[in-house]
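K.L.:
Encoded as C-alpha cells, here's the structure I'll be asking about.
Every read-out reported here was derived from the displayed coordinates using simple, explicitly stated rules and does not represent laboratory data. For clarity, every value in this text was computed on a predicted model and none was experimentally measured. Please note: Cβ atoms are built from the backbone with ideal geometry, for glycine as well, and neighbour counts cover all protein chains shown.
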Amino acid sequence: MRHIIIGVGAAGITAAKTIRAYDKEAQIIMISEDSYVHSRCMLHRYISGERDEAGLNFAGEDFFEKENIMWVNEAAVKKILDETHEIVIIKDGQEMKFSYDRLLIATGANSFIPPVGDFREAKNVFGLRHLSDAQKICKAIKKDSKVLVVGSGLVGLDAAYALLERKLDVTVVEMAERILPIQLDDTGAKAYQDLFEKAGCHFYLGKKASKTIMNADHMIDTVVLDDGTELACDVIIVAAGVRPAIGCVEESRIKAERFIEVNERMETSVKDIYAAGDVAGRSGIWPNAQKQGQIAGYNMCGVQMAYIDTYAMKNTINFYGLATLSLGRGEALETDEVVICEDRHNYKKAIIRDGVLDSITLQGDIDYSGIYQYLIKNKIKLPQNGKDIFHLNFGDFYGIQDDGQYSYENVTE
C-alpha cells in the first residue's frame, strides 16, 4: 500500500505517524513546498531570533529516517489525477509523477492579502503563515525599520511581539475597537494592549488601511488610513486571515469551493482521497488538526473511525508573562448569563447558556482549567447547588453513559 501525504504540518505529520504505527510495511511519501518541518505557532520565535529553522521542528530531527518515510521537499503539487491515482509535482523545475493507493491533502492555508492599494504588488508586504514568510521578513527588516502590522489577532500580535523584541519601531492597525477582537473582550484585550504599549508598540484601533503610496522600487513607504492618517513604513506584515490552500485540487473531481469538503472520516468526494487541517475548512487549531490527521490516517489504513470532536475554539495567549486561556465561542447572546470575577491579578469571565457553560476566559491564573474544557466539550449541565462557576471541580459531577454518548448529572447534595 502506498500512501502519499501532501503537507508536513500538524495534520500531515500526525497522519504519517498514525499510518506507520498501524502498518509497518506501508510505503509513505510526504511532499511539501517547505524546506523544513516547522510549527507555524512558533514563527515569531524565528523572527525574534530566539530559534533557528531546526528549533521550529516539532517532528524530531530524524523523523523521516526513523519512520521510514520518503520526504520530497521543496516541491509543488501541480495537479491531482484522481482517475489514474496519480499526482504531478514540480521539483527543481522538473515535472514528476507519483502514483498512490491513498492520498491525504494536508496543505494547510495561506495568508490572505486584501486588495488594499498596492498590498498585493509591493515587494515589502508579507503574510506570516509559513517559514518562508518569516525568512522573507527577516531579510527585509533593518535595524532602523519601521514596521506596520495590519491586524491584531494572534498572528499579528505574535509578529509585533517578535519585532519589539528586536527593538524595532512597530505600529499595529486594527479595524476593530480592540486588539484580539475574536479571542477577548474589552477588559481582557486592554490588559495586553497596556503591556504592548509599555514595550513601545503604537496602536491605531477602529481604523483600517485604505490607500498606499508606493515608490519607484515597488516598495510601499506610506499607508493611509480611512481617517486620513498617514503612517510611514519600511515593512508591512498583513495578518488579515487565511485562505485554505486548495490550488492542487482545481483540475480534479474533488469537491471544493472555499475549502475541500470532507465527511466524518475526513474523506473527500473522491474515493481514496482524504483531507485534514485548515484545507478541510474545519477548526485548524493545532490539536484539532492533529486529531483530523489521526482520523484520516486510520481511515486510509482501512480502520473506520469518525471525527466527532466539534469542540469550539480554544486559544492560549501569553505575552510579557500574562497568560490567558479562552475556551468556547466567546460571544454572549442577550439571553445568556454572564459571570465575571476580577481582581488585581486575574480576570475571569464565563458565559452560561441554557444551564450549560458555553465559553470561559481565564486571564492570569489559568491553573485547573481542565474542568471547564470538559464541561464545554461535553455540554454538561451545571450544578444547581449555588456553587460558584469558578470554583467547580470534577467532584461536582459523576458520569453515566447513554447510547454511546457521555452525559453527566449534577451532584446537588
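K.L.:
Which of the peptides 234-240, 141-147, 299-305 is most tightly packed, and how do the rest follow, judged by the mean count of other Cβ atoms within 10 Å per residue?
P.N.:
234-240, 299-305, 141-147
K.L.:
Between the alpha-carbon centers of the stretch 176-252 and the stretch 1-58, tell me the distance in whole angstrom.
P.N.:
29 Å
K.L.:
Looking at the stretch 182-256, which GluC sites (Glu not before Pro) are in a loop (DSSP not H, G, I, E or B) and have at most 14 other Cβ atoms within 10 Å?
P.N.:
Sparse-neighbourhood loop GluC sites (Glu not before Pro): Glu250, Glu251.
K.L.:
Follow-up question, since we're still on this one. Of all DSSP beta bridges in the stretch 1-86, what percent run antiparallel (nearest 5)?
P.N.:
Of all bridge pairs located within the stretch 1-86, approximately 10 percent are antiparallel.
K.L.:
Do any GluC sites (Glu not before Pro) in the stretch 82-154 lie in a loop, going by DSSP, with at most 10 other beta-carbon atoms within 10 Å of their beta carbon, and if so which?
P.N.:
When the GluC sites (Glu not before Pro) of the stretch 82-154 are filtered for loop state and at most 10 Cβ neighbours within 10 Å, Glu83 remain.
K.L.:
Further question: How do Thr361, Thr324, Thr316 rank when sorted from fewest to most other Cβ atoms within 10 Å of their own Cβ?
P.N.:
Least crowded to most crowded, the residues run Thr316, Thr324, Thr361.
K.L.:
Something else about it: Which value in deg cm²/dmol, rounded to the nearest 500, describes the helix-derived mean residue ellipticity at 222 nm for the chain, given -39,500 (n - 2.57) per DSSP H run of n ≥ 4 and division by the residue count?
P.N.:
Here the helix-only value at 222 nm equals -6000 deg cm²/dmol.
K.L.:
Would you mind calculating the relative contact order of the chain from Cα pairs under 8 angstrom and at least 6 residues apart, reporting the percent as a whole number?
P.N.:
Reported relative contact order: 14 percent.
K.L.:
Related question: With all pairs of different alpha carbon atoms counted, what Kirkwood hydrodynamic radius in Å does the stretch 113-238 show?
P.N.:
14.6 Å
K.L.:
If you don't mind, there's one more thing I want to ask. Take the cross-link list Lys146/Lys211; Lys314/Lys381; Lys24/Lys66; Lys136/Lys190; Lys207/Lys348; Lys167/Lys198 and give me the ones stretching past 23 Å between alpha-carbons.
P.N.:
Lys136/Lys190; Lys207/Lys348
K.L.:
Lys271: which aspartates and glutamates have alpha carbons under 15 Å from its alpha carbon, excluding same-chain residues fewer than 8 sequence positions away?
P.N.:
Cα-Cα hits under 15 Å: Asp82, Glu83, Glu86, Asp101, Glu261.
K.L.:
Moving on. At Asn318 and Ala176, where each label point lies 7 Å from the Cα along Cα→Cβ, what is the point-to-point distance in nanometres?
P.N.:
With each label placed 7 Å out from Cα toward Cβ, I get 2.2 nm.
K.L.:
At a 10 angstrom cut-off on C-beta neighbours, averaged per residue, how do the peptides 333-345, 103-115, 369-381, 167-179 rank from highest to lowest?
P.N.:
103-115, 167-179, 369-381, 333-345
K.L.:
Taking a cut-off of 12 Å between Cα atoms, list the aspartates and glutamates near Lys79, but don't count ones fewer than 8 places away on the same chain.
P.N.:
Straight-distance partners of Lys79: Glu95, Glu250, Glu251.
K.L.:
Of all trypsin sites (Lys or Arg not before Pro) in the stretch 1-55, which ones are in loop regions per DSSP and have a Cβ with at most 12 other Cβ atoms within 10 Å?
P.N.:
Passing sites in the stretch 1-55 are Lys24.
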